[in-house]
1. Give the peptides B:118-129, B:161-172 in descending order of average Cβ contacts within 10 Å, highest first.
2. With N residues in the protein assembly as shown, what two-decimal value do you get for its Cα radius of gyration over 2.2 N^0.38 Å?
3. Starting with the highest mean, order A:163-171, B:202-210 by the number of other Cβ atoms within 10 Å, averaged over the residues of each peptide.
4. Can you list the residues of the stretch B:220-251 with backbone N under 20 Å from a point 7 Å past the Cα of B:Lys20, pointing along Cα to Cβ?
5. Please compute the average number of Cβ atoms from other chains found within 10 Å of each residue's Cβ in peptide A:177-183.
6. Determine the distance separating the Cα centre of the stretch B:199-258 from the Cα centre of the stretch B:6-83; give it in Å without decimals.
7. Springs between alpha-carbon atoms under 10 Å, Gaussian network over chain B: tell me which of B:Gln89, B:Gln155, B:Gln241 tops the mean-square fluctuations.
8. What is the sum of charges around B:Gly245, taking Lys and Arg as +1, Asp and Glu as -1, for the other residues whose C-beta is under 10 Å from the C-beta of B:Gly245?
Amino acid sequence: MNPLRRFLRAPEAIAGAIILVALFAIALSASLFFPGDPQAIAGPALLPPFQDWSLPLGTDRLGRDVLAELFHGARTSLVVGLAAAAAAIAVGAIVGTLAGFTGGLVDEVLMRITDAFQTVPSFLLALAFVSVVGPSLGVVVAAIALGAWTGPARVARAEVLSIRERDFVAGARVIGMHPLEIAFREVLPNALPPVLALSSVIVAAAILTEAALSFLGLGDPNRMTWGGMIAEGRAVLRAAPFLSIIPGVALVLTVLGVYLAGEGVVETTAVRRSLS
Amino acid sequence: MSRPLLAVSGLTKRYRRGGKSIAAVDDVSFDIEPGETLALAGPSGSGKSTIARLLLRLIESDAGRIEFEGGDFLSLSGAALRARRARLQMVFQDPLAAFNPRATVARVLDDPLRIHGIATRSERPRRIAALLDRVGLSADLAGRAIHEISGGQRQRIAIARAIATKPSLIVLDEAVSALDVSVRRQILQLLLDLQREERIAYLFISHDLGVISAIAHRVVILDAGRVAESGNARAVIGAPQSTIGKALVTAAPKLNRTSTQGAADRQ
Ligand SMILES: Nc1ncnc2c1ncn2[C@@H]1O[C@H](COP(=O)(O)OP(=O)(O)OP(=O)(O)O)[C@@H](O)[C@H]1O
Ligand SMILES: [Mg+2]
């Protein structure tokens, strides 16, 4: 059976895929449906949802359109989640490959650094980094990646350790290939599948971390974020609970969707076998 | 007396197993002349592959000297070693494992040409086609993935890759053992043709005495990492002196004399 058919037979994978597709559609269409500044005032403050069809999800404390905020927030979540995961996987794969392929002292040093990063809770690391450098989209991405690259590094190293003993690596040495070319062109691409299998978990965690940072006021102040929306709504939690509930539900659905779809892909492409 | 192409002396490699060290290769010496085929035979675990890996500098020896083309091969390192590798190539037993599973035929042949600056980027496709032709394959194969061709074709690709850099010596570790009989005969013929036309020397590792007497001029028989006996391939296989040599000959399926005209005859 081909992987696509197998994927389509798993209901949770389909649910995840539908959520992801919806999320991408929302993020991509944000400036189409809501071309203006989502932080602009659109109507009376604290309008409840489903009252005014030009503002279907109502307005927040400052009279901003909640639906517009939600759409633009989806964009931030997705951008930060994907960028942070990509950065974490790239850094992890490079560090893991260098450590595993070079061995010896280089391996020792790189793995002690990995240990050090792994000991610090990744959210504290992100918090400290953003507090020191200052909140902007790039810094938030870097901060999240900082706590997420160690998993990919370990998996990549383990995979490289077994690949480097294979004949084709000896063959590359025999034709005189430079060790760096062997590491990054011959070994690394073959070590990637189990590393990429981690991506759904990393993306999901990155989206949550971004939300938590924004909730604490450490997100990019110029971007709409779901975490920021929840924090905003907290002030009027009793009078207008929907202001916290709507972005909260969006966040949970997104994380769930990313996770389910990612697991579905991993399951059906059977890269799991190389994960122990 | 001319100097040998390869002179190995006192080569030793120890492995630690369960606390004590065991010599996988123990004080082994032999020479290979230009254009000659030297066979390395011996039971499983006698150190044949270890010698191949030592010669190719895939692992480092504990003692001994390797002189290749008149220079100390063991003292080379880094860029000097990589450059020298053009002259000393290897063909592995399992041609599927010997190539990057993601590679195409073209890339596998392009790499040595690029690395050793043998042809410019624009010349290389033509050189690749010529190499494919040299090993009896169609140039159309270049675009195929390595896993999309047959085992025999793959071993021809391995040979094409080995001769791409115009080596003077190719180490073949059980290079025909995984092939079925008819394909094996064709590959052996290809090796003999290449040797005749380009004067390439082979270190031919095999446990098949029939194949050895068909292709090799001389043979070295190993036992537990040591040289048990060596000499003219037909003479040694016809009348082995060492116990291990006798055991190998007895264990071998009967040697078909007609299909294995000794390489010694070709000299
Ligand atoms: N990396 C290693 N670590 C420990 N021992 C090893 C290692 N490589 C080889 N040996 C041992 O060295 C000896 C020689 O092994 P080698 O692979 O050279 O044998 P071989 O003659 O090629 O055998 P075969 O005909 O089965 O291929 C064996 O006893 C083997 O167990
Ligand atoms: Mg062997």
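Laboratory data are not the source of any read-out in this text; all were calculated from the coordinates shown. From a predicted model like this one, the values you see are computed outputs, not experimental measurements. So basically every Cβ, Gly included, is an ideal-geometry build from the backbone, and we count neighbours across all protein chains shown.
1. Working: B:118-129: 14.0, B:161-172: 22.0.
Top of the packing list down: B:161-172, B:118-129.
2. On the way: Rg = 32.0 Å, N = 543, 2.2 N^0.38 = 24.1 Å.
Against the empirical 2.2 N^0.38 Å value, I get 1.33 for the protein assembly as shown.
3. On the way: A:163-171: 19.6, B:202-210: 22.7.
Top of the packing list down: B:202-210, A:163-171.
4. Zone members listed by number: B:223-226.
5. Numbers: counts 6, 4, 2, 0, 2, 1, 0.
Mean shielding count: 2.
6. Here the two parts' Cα centres lie 19 Å apart.
7. B:Gln241
8. Numbers: positive: B:Lys246; negative: B:Asp223, B:Glu229.
Charge balance in the 10 Å sphere: -1.
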